[in-house]
Amino acid sequence: MINKKVASVADALKDIQNGQTIMLGGFGLCGIPENSIAELVKLEVTDLTCISNNAGVDDFGLGLLLQKRQIKKMISSYVGENAEFERQMLSGELDVELTPQGTLAEKCRAAQAGIPAFFTPAGYGTEVAEGKEAREFNGKMHIMEEAFKADFSIVKAWKGDEAGNLIFKGTARNFNACMAGAAKITIAEVEELVPAGVLDPNQIHIPGIMVQRIFQGEKFEKRIEQRTVRQKN
């Protein structure tokens, strides 16, 4: 069995270059690859195209890369709670391709499955459909969406083994699951890394064949984007 383990986040990301396209798992701040994002900031790579549901917040997640002007283009489903993302988009500093959330997920899954394109009714008749092929199915118009093409996919998992098998926890499964294996190289950072054979095969969400590198992260903050609590009676 091939050992996918690398010693550190620096080893995992050492060949990421300027101008590349990177998928990053997570939803808001839930299940984001915190160590990898911090390493991208440290590497000072620029002109990146980032595919992610959103861009975190101003001082955490992909917001850190936006602060450093390392992202040239964001492909995401919404601006979220990131004021800097909004500012750069409205000022024209940042190229933004807003994509319906289900379409974003399916473009990832299609890339993962080796499907070059698919038809969806989402976005037909809007700016999303401009320049795209449209066809009618069962009396309803659909537009063709192409699968993503990315150099790297960086995902965060709860547990993983040295063969690259991954288990996600709760809602942190989100976009991480469909982005694994959806790029030329998939890098997984995990909270707990165990020897191959330790994980229950019935609990594995992503098989190791979809992962090329895996490392154990550290000091996860796991911030909450919007804390909502019930008032005391």
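The values are calculated or read from the model by the stated rules, or taken from the named source; none is laboratory data. As the structure is a computational prediction, the values presented were derived from the model and not from experiment. FYI the Cβ positions are ideal-geometry reconstructions off the backbone, even for glycines, and counts take in every protein chain you see. Only protein heavy atoms, including side chains, enter the accessible area calculation; ligands, DNA and RNA are left aside. Shrake-Rupley method; radii C 1.70, N 1.55, O 1.52, S 1.80 Å.
With 27 Å as the limit, the listed pairs LYS14/LYS156; LYS4/LYS68; LYS156/LYS184; LYS4/LYS132; LYS4/LYS219; LYS68/LYS169 have LYS4/LYS68; LYS4/LYS132; LYS68/LYS169 beyond it between alpha carbons. The HN-Hα couplings worked out from phi for region 34-47 by the Karplus form 6.51 cos²θ - 1.76 cosθ + 1.60 (θ = phi - 60°) are 4, 5, 5, 5, 4, 5, 4, 4, 5, 6, 6, 5, 10, 6 Hz, whole numbers, x standing for Gly and Pro. Expressed as a whole percent, the proportion of Cα-Cα pairs in region 43-119 lying more than 15 Å apart is 55%. Entry comment: accessible area of the chain is 51 Å² per residue, from protein heavy atoms only and a probe of 1.4 Å. Quick one: grab the alpha carbon gyration tensor of region 126-233, order the square roots of its eigenvalues as a ≥ b ≥ c, and give me rounded if a/c is under 1.5, else prolate or oblate depending on whether a/b is larger than b/c. Oblate, because a/c is 1.5 or more while a/b does not exceed b/c. When you filter the GluC sites (Glu not before Pro) in region 108-140 for DSSP loop state and at most 14 other Cβ atoms inside 10 Å of their Cβ, you are left with GLU130, GLU133. For HIS142, the solvent-accessible surface with a 1.4 Å probe is about 30 Å², rounded to the nearest 10. Residues within the reach of a label modelled at GLU130 (point 7 angstrom out along Cα to beta-carbon, backbone nitrogen below 20 Å), restricted to region 137-162, are 142-146. On the protein heavy atoms, probe 1.4 angstrom, tell me the percent of accessible surface of the chain carried by carbon and sulfur. Carbon and sulfur together cover 48 percent of it. Within the full protein context, the accessible area of TYR78 is estimated at about 80 Å² for a probe radius of 1.4 Å.
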